[in-house]
Each structure stands twice: as C-alpha cells, then as structure tokens.
Amino acid sequence: PIILLQGSDFEMGRQYAQQVVGIFGKWVLARHASRAFSAAEKAELGRREAQIQQHAPEIIGFCQGWAAGATEAGVAMRYEDVLNIWTGCHPPAREYFGLTNGLPDDLYPPACSGHAAWGRATRDGRLVTGSSGDHDCGYMATIVAYPETGYPFIYTPFSVTGELPKI
C-alpha cells in the first residue's frame, strides 16, 4: 500500500495514523496503545525525546499528530505510546550484535542497515542511497510525503508501526 502525506509535521502524523487504520484496521495500532510505563521507562522516553527535540524536532510534531489521528480513528493512543514506537523506552545497549550487555540476546537480533549521502559527501554531489533488509516483510506500506518544510521523500519502513516483524 501507498500512504500519501502532505502538510505540517503534525498533519502528516495525523494523516499517517488515519491511513494506517484505514488500510490495516485498528488492531495494528491498538497493540501499541495505552501502555503503562514504569518511572524508569518514562525517564528514558524523556531522554530520547530530548535528543529528538535537539536533532530532529519534526518527529515530535509527527508523533503528536499520529496520536491525534489514531484517537480520531478510534484507537486511543497517547503521544508517549507513539514516541515509544519511535524510540523504545529502554536504555541503549552498551554493546551490539549479542555481545555482553546484560540483556537477552534475542532483544538484539542482527539489524538491517541503510545509508544516504549527498553534497560534499559524494563525488558529484548527487544523492546516493542504499539499504539491506533481513526482515520478514509484513504489514508494510510505502510513504510518499510532501512536508510543509524540508524535502519531499519516499520511505518504506519495516512495518507500519516501525517494529521488526518476528516469526
């Protein structure tokens, strides 16, 4: 499926949630709604939110719009629920790919990767992108976005809720 978005960060988040519910049904977002966060998880969400605010503030508005759009579509999601989809609520692992980190290895499966470069980072200044995906392609949609500020883009996340599907 194709999800078309246009407008402010908030409006695009709102449109996204409503289109996801329209395509897949309420259940796909309801699984992430109304989670009870511990004090430690709330603190980690706050740390993550501060980093997003500093480095990619447009995501804050998108998450706020997503929560509003989901609620309007009949799925009572809070901003914190959506922020958790984007960032998780556990501290980052100290190591990677199953190396000693005090957490079960199944929480850190081998990950996909992606990259993009343009301008001075390439010989001719043109955009170069690439990615690898080692995931099960379930409940995916391609996003075509025309943000009010910034550049139009096309993106296909792992799933419509940003999680890696597992068998």
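Of everything listed in (1) of a type outside the set (Lys, Arg); (2) touching a helix residue (DSSP H, G or I) at 6+ places or on another chain (Cβ under 6 Å); (3) at pLDDT below 95, the single unmet condition for Tyr96 is (2).
When Phe24 is tested against the conditions (1) touching a residue at least 60 places away in the same chain (Cβ under 8 Å); (2) in contact with a His (Cβ under 7 Å, 6 or more places away or on another chain), the lone failure is (2).
The values are calculated or read from the model by the stated rules, or taken from the named source; none is laboratory data. Predicted, not measured: the structure shown is a model, and the values here were computed from it. Heads up, the Cβs are rebuilt from the backbone with ideal geometry, glycines too, and the neighbour counts pull from every protein chain shown.
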